[in-house]
Amino acid sequence: MADHTNGELPEQLPAIDDVLQDPALKRMARLMPHNVLAQEALTAIAEVRGAIAEGQHLDISREAIARKAAARASRLLMPSLKRAINASGVIVHTNLGRSVLAPTAQEAVNSVICGYSTLEYSIKNMRRGSRHAHCEELICALTGAEAAIAVNNNAAAVMMVLTEFATEREAVVSREALVEIGGSFRVPDVMAQSHAIMVEVGATNMTHPEDYERAITDRTAMMLKVHASNYRIIGETETVPLSEMRTIADRANAQRPANDPVLVYEDQGSGAFIRLDAFGDYAEPAVVESLRQGADLVSFSGDKLLGGPQAGIIAGKKELIDRLKANSLARVLRLDKMTLAALEATIRLYLNPEEALDQIPTLRMLSQTAAEVEARAEHMLELIAEHITEDDAFVQVVPEVARAGGGALPMCDIETYAVEVSFIRGDAQSCEKYLVQDRPVPIIGCIRRDALLLDARTVVDEREMHIIAQALGAYFKKLPRA
Ligand SMILES: *Cc1c(COP(=O)(O)O)cnc(C)c1O
């Protein structure tokens with residue numbers, strides 16, 4: 001087999017039919033149709049051609065290209081979205097799927113996907129019903145809202161509210177809110193998408209009631225408050241509380257037609273149903289508090305502090321929610337039965353707050369005491385020690401700082417404990433790569449000072465601890481002995 005290089009002409013690459021005749025690809029013909037294999041072979045040839053054009057030295061034999069094509073084709077047989085273990089210490093980790101569902105939420109999903117369901121069927125009336133009905137009563141009972149609707153995610157919820165109430169009209173927003181949240185959510189961009197006219201008031205660190213008062217005109221549709229989810233401005237700051245925004249809106253509305261009031265809308269983002277007292281002054285406001293302070297509408301995510309599936313929930317005045325339900329975006333952004341089942345079951349757990357704290361993994365991870373996490377880390381250490389030897393690595397439990405993540409509680413350093421693996425054989429980088437890329441269940445930890453840290457707070461259960469211990473053992477086993 002010749003090592004063809006830079007100097008070769010691309011014409012010397014094997015033809016597609018030749019590549020397909022290679023045993024490596026022929027073996028795969030049982031597993032997928034010819035056209036799929038042909039497509040992978042074409043892509044492999046094109047990749048090699050591109051690499052050669054860039055001056056790389058490559059093996060361009062039929063066997064080599066067929067091997068590449070076969071590797072691509074076999075990847076199609078492997079799941080891409082799969083379970084992972086979060087040992088990073090970031091609780092609501094957006095890259096890792098944010099919230100783990102409570103057992104009853106998992107069961108609820110399983111139950112509605114294994115057969116037909118009452119997704120849009122009313123048992124009471126024995127005919128067509130509404131998918132919005134499943135969660136609404138629970139949300140209202142728990143938050144004191146008159147009505148509620150759940151859509152695909154909170155970004156969608158914000159867009160829907162702005163589109164329904166502020167298209168071609170003005171939405172007054174403090175400059176403190178003009179930040180990016182959760183990777184790609186930017187208030188000015190969502191405003192532009194929904195054709196709302198953004199009226200900025202105040203300064204980044206200071207907004208006064210007069211700023212809002214002066215900004216209200218006949219064209220004002222709403223005052224929008226965006227919860228400072230993922231950041232805090234520290235030092236001298238002033239923001240206008242919702243209750244004050246309510247007063248300003250009421251004063252303006254006294255002069256306006258009853259059917260066209262200035263609305264007070266809060267995009268709360270993180271969406272806590274119960275105040276986590278463990279976080280003291282930093283605790284995120286609960287949805288019920290925003291409504292009590294006079295917000296007409298509040299929106300929040302289903303998979304942040306609520307601890308449920310990806311969703312965006314809007315709660316508030318019935319006549320406003322009715323308008324949202326009638327908006328065609330309610331159809332475009334509607335939830336599917338799996339999400340609705342998980343959301344309903346998650347919210348139901350809040351009827352018993354103690355049960356919610358215990359059963360909803362996000363809440364449990366957030367509220368677990370440092371001592372409890374330390375005990376879990378010690379247990380994980382013992383399991384790991386059973387799989388590795390003293391010549392492999394030095395392992396110990398170390399204090400660390402966990403994060404809520406998901407744009408919540410940005411100021412909270414959550415005291416946590418991690419297992420620290422200091423390498424005698426191998427090294428942290430290659431071990432991290434092995435744990436992520438070469439294991440059936442990828443394990444995501446983090447590297448600090450050449451050691452691998454595995455935070456016990458976000459490791460879901462005992463089973464995951466065993467998987468971590470076995471994977472570490474397997475890493476050291478495959479290293480060549482010195
Ligand atoms: C997270 C967040 C969003 C986006 O919510 P998604 O559910 O990720 O779409 C919007 N606004 C605020 C304030 C947030 O914290």
For this session: Compute the longest continuous run of the chain that contains no exposed chymotrypsin sites (Phe, Trp or Tyr not before Pro); treat a site as exposed when its DSSP state is not H, G, I, E or B and it has at most 15 other Cβ atoms within 10 Å.
Result: 232-482
Exercise. Hey, rough spin-label estimate for GLN12 and ASP322, points 7 angstrom out along Cα→Cβ, what's it come to in nanometres?
Worked result: 7.8 nm
For this session: Using only alpha carbon positions, build the gyration tensor of the chain, then give the equivalent ellipsoid semi-axes as the square roots of 5 times its eigenvalues, largest first, whole angstrom.
Result: 48, 31, 24
For this session: Note down the relative contact order for region 110-253 as a percent, whole number, built from C-alpha pairs under 8 angstrom at least six residues apart.
Result: 20 percent
For this session: Within region 90-173, report the trypsin sites (Lys or Arg not before Pro) that DSSP leaves as loop and that have at most 14 other Cβ atoms within 10 Å.
Result: LYS124
Exercise. Taking LYS325 as the anchor, which aspartates and glutamates have their alpha carbon closer than 19 Å to its alpha carbon, excluding any fewer than eight residues away along the same chain?
Worked result: GLU120, GLU136, GLU137, GLU146, GLU164, ASP260, GLU266, ASP267, ASP296, ASP336, GLU344
Exercise. In region 289-418, how does Rg compare with the Kirkwood Rh, expressed as the Rg/Rh ratio over alpha carbon atoms?
Worked result: 1.13
Exercise. Between HIS195 and ARG334, 0.36 nm times their residue separation minus their Cα-Cα distance comes to what?
Worked result: 47.9 nm
For this session: Please work out the FRET efficiency for the pair ARG128 and GLU236, using the Cβ-Cβ distance as r and a Förster radius of 56 Å; give the result to the nearest 0.05.
Result: 0.50
Seminar exercise, completed: Here the gain from full extension of GLU107 to HIS208, 0.36 nm per residue of separation minus their alpha-carbon distance, amounts to 31.5 nm
Problem set entry | Over the chain: helical MRE at 222 nm, DSSP H runs n ≥ 4 each giving -39500 (n - 2.57), nearest 500 | -12000 deg cm²/dmol
Exercise. When the convex hull of the C-alpha atoms of region 139-202 is computed, what volume per residue in Å³ does it have?
Worked result: 111 Å³
Problem set entry | Per-residue Cβ neighbour rank within 10 angstrom, fewest leading, THR389, THR104 | THR389, THR104
Seminar exercise, completed: Computed from every Cα-Cα pair in region 17-75, P(r) in 10 Å bins starting at 0 and rounded to whole percents is 26, 54, 18, 2
For this session: Using a cut-off of under 19 Å, list every residue of region 455-481 whose amide N is near the label point 7 Å from the Cα of LYS433 along the Cα-to-beta-carbon line.
Result: 471-481
For this session: For VAL199, enumerate residues with amide H under 5 Å from its amide H, sequence gap 5+ or separate chain, H modeled in the peptide plane.
Result: ALA171, VAL172, VAL173
Exercise. So if R0 is 41 Å, what FRET efficiency would ASP358 and ARG246 give, r being the distance between their Cβ atoms, rounded to the nearest 0.05?
Worked result: 0.70
Exercise. From the cross-link list LYS225/LYS337; LYS26/LYS477; LYS26/LYS82; LYS68/LYS433; LYS304/LYS337, which pairs have alpha carbons spaced over 24 Å apart?
Worked result: LYS225/LYS337; LYS26/LYS477; LYS26/LYS82
Exercise. Say each of GLU146 and GLU378 gets a label point 7 Å from the Cα, pointing the same way as Cα to Cβ; how far apart are those two points in nm?
Worked result: 5.5 nm
Exercise. When only DSSP loop residues count, what GluC sites (Glu not before Pro) in region 147-182 have their Cβ near at most 14 other Cβ atoms within 10 Å?
Worked result: GLU168
For this session: Only loop residues by DSSP count here, and only those with at most 16 other Cβ atoms within 10 Å; note down the trypsin sites (Lys or Arg not before Pro) in region 386-482 that meet that.
Result: ARG425, ARG449, ARG481
Seminar exercise, completed: Applying the span-like rule to the chain (DSSP H, Cα extent along axis at least 15 Å, Kyte-Doolittle mean at least 1.0) gives 154-166
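Each value in this text was obtained by applying a stated rule to the coordinates, not by laboratory testing. Note that the coordinates shown come from a computational prediction; the quantities given were computed from them, not determined experimentally. Using ideal geometry, Cβ is built from the backbone for each residue, glycine included, and neighbour counts are taken over all protein chains shown.
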